[in-house]
Amino acid sequence: MGGKVMIILAAAIMVFCITGPGTAGAADKMVHNDAYSRSIVISAPENAVWEVLKDPAGLPGWVPGIKATVITSETKQGVGTVREITLDDGLLIEEHFVAWKEGRHVSYIMVKGFPLRGYFATMAMEPLSDGAVLFTWSVYYTTQEMTDDEFKTFSNNLRTFFEGTLQNLKKILEK
């Protein structure tokens, strides 16, 4: 449990150091900081869940809206892996893996794609006594300058995306 707390603390510090505190921008625009975490119980073997989680290029198989994922680094798995994600609408996202504990969690930062100054996410799994797995996806982010309404829309869309993606993962793994 201590490792998760350290990852969360490191993420918060990293996002704050990259972006600084939220500051007022042009007119009614400002930088916003937020965090979101969602857990779901998946009734599937631990190794089956890890097989999905550990594949940085496997997103099109379980994340709706992703057209392709390409590993662009020499490192194909683990810390140092860089992936480029193409969404169905053509948007390109670049992510770098910054933490990796075999069989437990992966953490990554987004460096290109959405209107963000900082983005840190962790996908973690914890085996449960009944043979199921608790899968948790947590994200900490700081936006570029946007209005409160733009921020609410962005955050709501992100949360809807997380919910749908986790439900899809559960459905796929519980077949």
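Laboratory data are not the source of any read-out in this text; all were calculated from the coordinates shown. Since this is a predicted model, take the numbers as computed values, not measurements. Cβ atoms come from the backbone with ideal geometry, glycine included; neighbour counts cover every protein chain shown.
Return the only residue of PHE151, PHE120, PHE97 being under 15 Å from LEU53 (Cβ atoms), aromatic (Phe, Trp, Tyr) and touching a strand residue (DSSP E or B) at 6+ places or on another chain (Cβ under 7 Å). Exactly one residue qualifies, and that residue is PHE97.
Selection of the range 114-149 for residues being farther than 20 Å from PRO56 by Cα and polar (S, T, N, Q) yields SER129, THR142, THR143, GLN144, THR147.
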